[in-house]
1. How many nm is it between the label spots at GLU153 and ALA118, if each spot is 7 Å from the Cα in line with the beta carbon?
2. How far apart, in nm, are two points set 7 Å out from the Cα along the Cα-to-Cβ line at ALA111 and at VAL17?
3. Could you line up VAL140, VAL102, VAL64 from fewest to most neighbouring Cβ atoms inside 10 Å?
4. Run the quick spin-label model on ALA73 and LYS160: label points 7 Å from Cα toward the beta carbon, then report their separation in nm to one decimal.
5. How do ASP147, ASP74, ASP137 rank when sorted from fewest to most other Cβ atoms within 10 Å of their own Cβ?
6. Stretch GLU53-GLU144 to full length: gain in nm at 0.36 nm per residue minus the Cα-Cα span?
7. Sequence-distant or interchain residues sharing an amide H contact under 5 Å with HIS25, placed H: which?
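Here, each number is a calculation from the coordinates, and none is a lab measurement. Because the structure is a prediction, the values reported are computed rather than measured. In this analysis, Cβ positions are derived from the backbone assuming ideal geometry, glycine residues included, and neighbour counts consider all displayed protein chains.
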Amino acid sequence: MDFSDAGLLSRKVMQEVLMHARGAHRDLELLHNMVRIKRRSTLGFLGGGSRIEKDILISKIVSVRFKKAGIIADGYIQFIFEEKGPKDNDSESDIEGDENVVIFRSGQQKAFEAMREAIEQKMTGARTGPRADSHFDELVRLAELLDKKIITEDEFNRKKKQILGL
């Protein structure tokens, strides 16, 4: 199932919104098995592609990048997919045009921190099964992503602690 199929699925089966965070031009919703990015304004439309909303299956998310908002600068939450591979230029100027990013202001940060934590918990639950060695498999997969520079060392260490319950 690709991302467009996920969008059709969510419209056919009304899912309960578990969490909601209002960003600068887009909102982020957490549903049972997906996150939804919704454009709210004309500015969001101009900066975020042609779709009004985008549904992303949690099982497709490899990593969640998070930058805290500062006094002057906005923060953001970005979803990384294994299929995309590393970007040649991972500059912050590309963040605003990325349809997998929601930018937030400092006053909105706590909601986005809670959202990131909930999404990462669901990601861990979606990828680990009842087998005892599932934690090992997940760590090996994350190490491979780190080697390919798809995730950062900080993201790897945070997920490793989360998986091992440290």
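1. Inter-label distance under the simple model: 3.3 nm.
2. Going from the ALA111 label point to the VAL17 one covers 0.9 nm.
3. In order of increasing Cβ crowding within 10 Å: VAL140, VAL64, VAL102.
4. 2.6 nm
5. ASP147, ASP137, ASP74
6. 29.6 nm
7. Excluding prolines and chain starts, which carry no amide H, the hits are ILE103.
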